Every structure is written in structure tokens, then in C-alpha cells.
Amino acid sequence: MPTEDEVVAPLSLQPRVYDCGESAVLVEFGVGYSKTVSLAILQISERLHGSHLEGYRESIPALSSLTICYDPLVLTKERLVAAIESACAIPLGAGAAARLWTIPCVYGGVSGPDLGDVARGAALSEGEAAALHASETYVVSMLGFLPGFAYLAELPERLRLPRRATPRARVPAGSIAIAADMTAVYPLDSPGGWHLIGWTPVPMWDMARRAEPLLRPGDSVRFRAVDAEEAEALRRRVAEGWLPAPEAPA
């Protein structure tokens, strides 16, 4: 979440509500997306969850929208829309502090085969590009695409590139990638069209744990550069059940 010197100015979002089947609505805000907008949408979601509105089930945040599931036999759409408008009426700011994760990353080489191209595009050395990526504190704007795939905003402008012209058929789990103004960690082996700049031994999603994804919307994430030897040691610890612990909110 923003630090004290990155205070988010109060934001007002005007909701537009659309039916999404018989038991959900899609709330669009039409303001594009940014770290500020994502945090505001999360606050609206938290306000609705905390309202204890009978018939409300859950809300699913996206980059510039919110999907809200409800029981239409208990809660009318009119009452739900009124609750949404009420949640949006209060000025939205930085919100409460959330968990901060530090994720180890091996940059470049076989772990990040696209780092050289990214660095050349930014007129930087590979080391400078890696350091720039690791200098930012990112916010989880949403989960999507794959279980545990967290979209992390906002990538430094100098590193921003469109997706690869030709996606890879297989991206290894743990790959750290960038595209447009986002960065992410692939939680599973999968196809992917983002630029691969590194790898982490920390699993974002593990069915064997039968637990929620490591990251959740609103969390903050930093990357810490490590060498291959430390990454291998951490991989062995992960195999024994170790996971990093988040820092407590300030």
C-alpha cells in the first residue's frame, strides 16, 4: 500500500451497474486503471463486505470494475445498487495498510531470458534494468488469468513494453514477467506472452497446501535480487514447507 510520502488523494468513483446473470452485477467505473483506482475499488469491496447486507455474497475486484454476487431471493437489485452508491459516495483514499511481501528473484540468464531485450529497449544494462524493477513497491490490483496470478501495478515507465509478438507455449512456474505497466509471477506452467526477466522459488499457488493464493488484492510486493545459489537453497526450503512471511502493516 502507499507509504506516508505516497498519500493517495481522495477519489470519487461514479458506478455504472450492469446485470451479470441473475445473481450478480458488474460495476464499471470508466476511469481506466491505476494503482490509485485499484485501491479505491478494493475499499468499495471492503465497505460492502463490512456492511453485512443480507443477501450479499462476495465481490470480485478487477482493474477498473467490481463484480458483486448476491442472492436475488433475499436482496433486490435496487437495494444492492443503493448500497453500492452509498459505498462510493464516501471519498476514497489510500485505505488501510495491507500485507507487504518480499519475493526473492534471480534476474536474467536462463531464469529471465528476456531481460537483455528489455534492458536494450530501455537503454540500460541488464543489472540496471533488474535494479529498476526491484526498486518499486507494487500493489496487487487483481487476481486473474490463472489461479494465484496477481497483476502487480505499477511498473516503472522505462521498463514498459507491449506483450511479446509471439507468446511462448510454456512459461515455467515462478517466472517473473512484465508487460505494459504490470509485472507478475506465473503461478503455474502455462502459455504466456509477457517478457520473462527473472524467476522465484516462492510458489504463488500450491494445490497441495489447499490454501488460498499467496498474494491477494491490496497486498504490496517487493522483489529482492538473489543469485542462483541462494535461489536453489530457498527452493529446497520451499520443498520442506517454508514460505516467506509478510511484514505486518505499519
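The values are calculated or read from the model by the stated rules, or taken from the named source; none is laboratory data. This one's a predicted model, so the numbers in the text were calculated from it and none came from an experiment. Heads up, the Cβs are rebuilt from the backbone with ideal geometry, glycines too, and the neighbour counts pull from every protein chain shown. Note: accessible area is taken over every heavy atom of the protein model, side chains too, but ligands, DNA and RNA are not part of it. Shrake-Rupley method; radii C 1.70, N 1.55, O 1.52, S 1.80 Å.
Data overview
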{"read-out": "Given the chain, longest segment not containing exposed loop GluC sites (Glu not before Pro) (DSSP; at most 15 other Cβ within 10 Å)", "value": "55-239"}
{"read-out": "4 °C / 1.567 mPa s Stokes-Einstein diffusion coefficient of the stretch 101-250, Kirkwood radius on C-alpha pairs, µm²/s", "value": "84"}
{"read-out": "Degrees, to the nearest 10: 77-89 long Cα axis against longest axis of the chain", "value": "60"}
{"read-out": "³J(HN,Hα) computed for each position of the stretch 221-234 - Karplus, 6.51 cos²θ - 1.76 cosθ + 1.60, integer Hz, glycine/proline x", "value": "9, 10, 10, 10, 5, 10, 8, 4, 5, 5, 4, 5, 5, 5"}
{"read-out": "Geometric extent, Cα atoms of the stretch 57-133 - Rg, Dmax (angstrom)", "value": "21.9, 60"}
{"read-out": "Loop trypsin sites (Lys or Arg not before Pro), the stretch 192-250 (other Cβ atoms within 10 Å of the site Cβ: 11 or fewer; DSSP)", "value": "Arg210"}
{"read-out": "Radius, Kirkwood style, for the stretch 9-59 when every pair of distinct Cα atoms is counted (Å)", "value": "12.2"}
{"read-out": "Carbon plus sulfur fraction of accessible area for the chain, probe 1.4 Å, in percent", "value": "54"}
{"read-out": "Phi-based couplings in Hz for the stretch 20-25 (Karplus 6.51, -1.76, 1.60; Gly and Pro marked x)", "value": "9, x, 8, 10, 7, 10"}
{"read-out": "Per residue accessible area in Å² of the chain, where ligands, DNA and RNA are left out and the probe is 1.4 Å", "value": "50"}
{"read-out": "Relative compactness, the chain, computed as alpha-carbon Rg over 2.2 N^0.38 Å", "value": "1.08"}
{"read-out": "Highest-MSF residue in the chain out of Ser141, Ser59, Ser220 [GNM, Cα springs under 10 Å]", "value": "Ser59"}
{"read-out": "Given charges at beta-carbon only (K, R positive; D, E negative), |dipole| of the chain in Debye", "value": "400"}
{"read-out": "Between 0 and 90°, nearest 10: helix 35-50 axis offset from the chain longest Cα axis", "value": "50"}
{"read-out": "Amide H partners (placed H, <5 Å) of Met142, local residues excluded", "value": "Tyr151"}
